Amino acid sequence: MKQISVLLCCLLLYMSDTQGQVVRGMVKDAAQGGSLPGVNIIYGQQQGGITDISGRYELKLPGPGSYTLRFSFVGYATQQKQLKIATGETIELDIQLKADFGELDPVVITAGRYEQHQNEVTVSMEVLKPSLIQNNNSTKFDDAIDRIPGVSVLNGQANIRGTSGFAYGAGSRVLVLVDDMPLLSADAGDVKWAYIPIENVSQIEVIKGASSALFGSSALGGIIHLRTAYPTGRPKTQLQTFFGLYGKPKASFTNPFTDRPHIQGGFSALHSQQFGKLDVTAGMYSLYDEGYRIGDYSKRLRGNINLRYRLTDRWSIGLNVNAMRDSSGNFFFWQNDTAAFFPFPGTNDTQLGIRYNIDPFVQYTGRSGQKHSFRNRYYFTENRASADRKTIGHVYYNEYQYQRPLKLPFAQRTMLTVGGVHIYNGINSGILYGNRDSRNLATYLQFDQSYNRLNYSLGFRYESFVINREAPINYPVFRGGLNYRLLQATWLRSSFGQGFRTPSVAERYANAATGGITVIPNPQLGSESGWSAEAAIRQGWRWGSFSGMIDLAGFWTQFDNMVEFNFAFANGSAGFQAMNLTDRLTRVRGLELSSGLQGKLWGTAVQLQLGHTFIEPIERFTPVPSLPDFTIDSTLKYRSRHLFRGDIDLRRGRWQAGLNVRYNSFVERIDPLFESAIPGVSTYRAQDNQGDFVLDLRLGFDVYADIQALLVVRNLLNEAYMIVPGNIGAARNYLLQLTYRIGG
């Protein structure tokens, strides 16, 4: 009997222990009251879970005792809760997370495809909040990102730390993502900047350096990722309108506005709301812009809707749609350096652009934090211009991704990310490109881990391309990075990443001419590859009410078989042709210093961002093959050695004031043919060789609690600056913006 009693007691103890210790509850937005799905909950050695689609969670703790639970979510301040739990006890613990307004250490996703604080990532990153877009009345996405340290945009060509230069609107070494998926056109492989929905922005994240391991082709120079916003607990509506006038250029130029100034105006609307299990965000944007040059206009209408439905606590499905119709005038290059705001005869034409994308997705979130996602995108582009410049492009993008936090005894945090990608591009065109297609398959893996003060990341990708059913082109790429927290607010980081880019259809097959400048096809054009490395230190500081961050990075990027347009003779014609620079070493190395601060001075809220980038863009070749030690260095084309970006915002009571500064040093080298073929380019460059300094001023006033008026004076000093050969920037112009916000 005694033995049986002991067995029964042991059995009862075992049964009570298997009931487990449970913590469960709901996580909500502190201000708006809405549930927050996808919140990470961590305890111990990276154990924990994630909230389901309804914001609920349930953790089964391994035993009785004391625990510290850490709740973190993108855009919210991390919250920790300590608790003591007894054997078999169930604790109800609801959490309210407050929005994280800190601009100096935001939570980012792009670096590892899961949430991290910017201080912890292993690569250089910049984060742009939607307030900077609204404060500067950016009507296109390229205008917004041109204000980011280390980033410049040359006539639509994105350039991060001097990796891109200018390639006549064909191809891109910077990959632009919208909601985790690429948004490059099928034909030119370029970004349709006016198409990107800047009226619905949660955050813009920029990675500097080769990122092909996670994102594939065209990420050779870096990543620009726009993440749209989903609704929270309270409905939100924002209405915005603006009206502007273009001013007169400097007296040395012929005034293009003889009767009246050209005008621009626009209207946007955004509404987001939760209807039970359905999340809805809808927006629209319209623009009428007569342009600051003759024949350079735009009439744009864009609409978008994001839908997400929570089928169960674990499953969700969604559909995002964006569409735009844009009628515009193309301004290729000027008449001459005096009549810079007038097109060269025979070059000006009109174009109708139609674009839309449809993005269905499915996502499953497991109790232990694992996540399955299947994302898809169909992206349609049509350009209707003259008969020989009409193109239709189709992009089919499919990606499956699996993420799982691993529980390893020697690490605080381990995240495994694996995935597969399929992309098909189809192009229907006349003599401009012909009918072309391409397909690529890829698989990738990334491993991120934290151990004490060290974060490290390893990634690998294997990609295979088939262009026009030719032999496949295969690319394995690798990346790795380290981030070490040396002191309380000091982080050291280093990274190495490989990258590659397959040429676009436009680079290979474009056959066009305008204004006496001809583009010759090169069907044998090969892919380019390269690598980038950096070492950096990031230091935080606090003084009184001010806190700030200083980041210093040294970087080195090197290319193999770099693709550039050069003057050539081919097929009995003379003109520009994309070709691989196989006979020379091409590299860009430099230093970048960026900083930011926020705080209060005499009752005035202050936010400041500054960044200076210095690059050394080198093209080294051996003119005499028999003398390999005799080399000549020249500067890569269309690069500014110095970039400076700055923005200061002051707020006091109902008033707001700000300045935005952009400086690009003189572009030392361009295509020599442009200096002779385009009238006035050589003369202008000889006179204007000190770089370009553009200053924008803004003044705002809260008319009522929900209504703000903002006056923006762009190019305050009326600086004359040439963007690319034969293309001059806008003179001083004035904008009045009104914003009405309800809820949110």
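Since every read-out is calculated from the coordinates, none of them should be taken as a lab result. No experiment lies behind these values; they were computed from the predicted model shown. Quick reminder, even Gly has a Cβ in these numbers, built from the backbone with ideal geometry, and neighbours come from all protein chains shown.
Quick look at the numbers
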| read-out | value |
| --- | --- |
| Nitroxide proxy distance, nm - points 7 Å out along Cα→Cβ at LEU301 and ASP629 | 7.1 |
| Cut-off 16 Å (backbone N to label point 7 Å along Cα→Cβ of LEU319), residues of the stretch 258-301 | 278-283 |
| Environment charge of ARG589, counting only residues whose C-beta is closer than 14 Å and scoring Lys/Arg +1, Asp/Glu -1 | +1 |
| Cα-based helix-to-principal-axis angle, 2-18 vs the chain, degrees rounded to 10 | 30 |
| Relative contact order of the stretch 60-194, pairs being alpha-carbon contacts under 8 Å that are 6 or more residues apart, as % | 12 |
| In sequence order, calculated HN-Hα J values of the stretch 717-725 (Karplus, 6.51, -1.76, 1.60; Hz; x Gly/Pro) | 8, 6, 5, 9, 9, 9, 6, 9, x |
| Estimated [θ] at 222 nm from DSSP helical runs (n ≥ 4, -39500 (n - 2.57)) normalised by residues in the chain, nearest 500 | -1500 deg cm²/dmol |
| DSSP-defined antiparallel bridges as percent of all bridges, the stretch 175-267, nearest 5 | 75 |
| Computed FRET value (nearest 0.05) for ALA568 with GLU675, which takes r as the C-beta separation and R₀ as 25 Å | 0.90 |
| For the chain, share of DSSP beta bridges that run antiparallel, in % to the nearest 5 | 95 |
| Alpha carbon convex hull of the stretch 554-596, volume per residue in cubic angstrom | 93 |
| The chain, relative contact order [Cα under 8 Å, separation at least 6], % | 11 |
| Centre separation in Å (Cα based) which lies between the stretch 115-136 and the stretch 609-654 | 23 |
| Proximal lysines to LYS84, defined as alpha-carbon separation beneath 17 angstrom and excluding residues fewer than eight positions away on the same chain | LYS60 |
| Ordering of 706-712, 573-579, 249-255 by packing [mean C-beta count within 10 Å, highest first] | 573-579, 706-712, 249-255 |
| Amide proton proximity set for VAL703, modelled H, under 5 Å, gap of 5+ | GLN708, ALA709 |
| Charge dipole (debye, nearest 20) of the chain; +1 at Cβ of Lys and Arg, -1 at Cβ of Asp and Glu | 1740 |
| Efficiency of FRET from Cβ geometry, LEU458 and LYS81, R₀ 35 Å, rounded to 0.05 | 0.60 |
| Cβ-defined net charge surrounding TYR379, 10 Å radius [Lys, Arg +1; Asp, Glu -1] | +2 |
| Answer label for Cα extents along the principal axes in Å (calculated), chosen among [x] 90, 51, 47; [y] 158, 68, 43; [z] 108, 67, 48 | [z] |
| Packing rank of 302-311, 207-216, where each peptide gets the mean count of other beta carbons within 10 Å, highest leading | 207-216, 302-311 |
| DSSP-assigned coil residues among chymotrypsin sites (Phe, Trp or Tyr not before Pro) in the stretch 354-435, each with at most 10 further Cβ atoms within 10 Å | PHE410 |
| Computed label-point distance, nm, for sites GLN47 and PHE275 using a 7 Å Cα→Cβ extension | 4.3 |
| Whole-Hz ³J(HN,Hα) from phi, Karplus 6.51 cos²θ - 1.76 cosθ + 1.60, for the stretch 462-477, glycine and proline x | 10, 10, 10, 10, 10, 10, 6, 6, 7, 4, x, 10, 10, 9, x, 9 |
| The stretch 720-744 and the stretch 333-374: distance between their alpha carbon centers, rounded to Å | 18 |
| Anchor LYS208: lysines whose Cα lies under 26 Å away (excluding residues fewer than 8 positions away in-chain) | LYS129, LYS140, LYS192, LYS637 |
| Hydrodynamic radius (Kirkwood) for the stretch 368-433, which is based on Cα pairs only, to one decimal in Å | 15.2 |
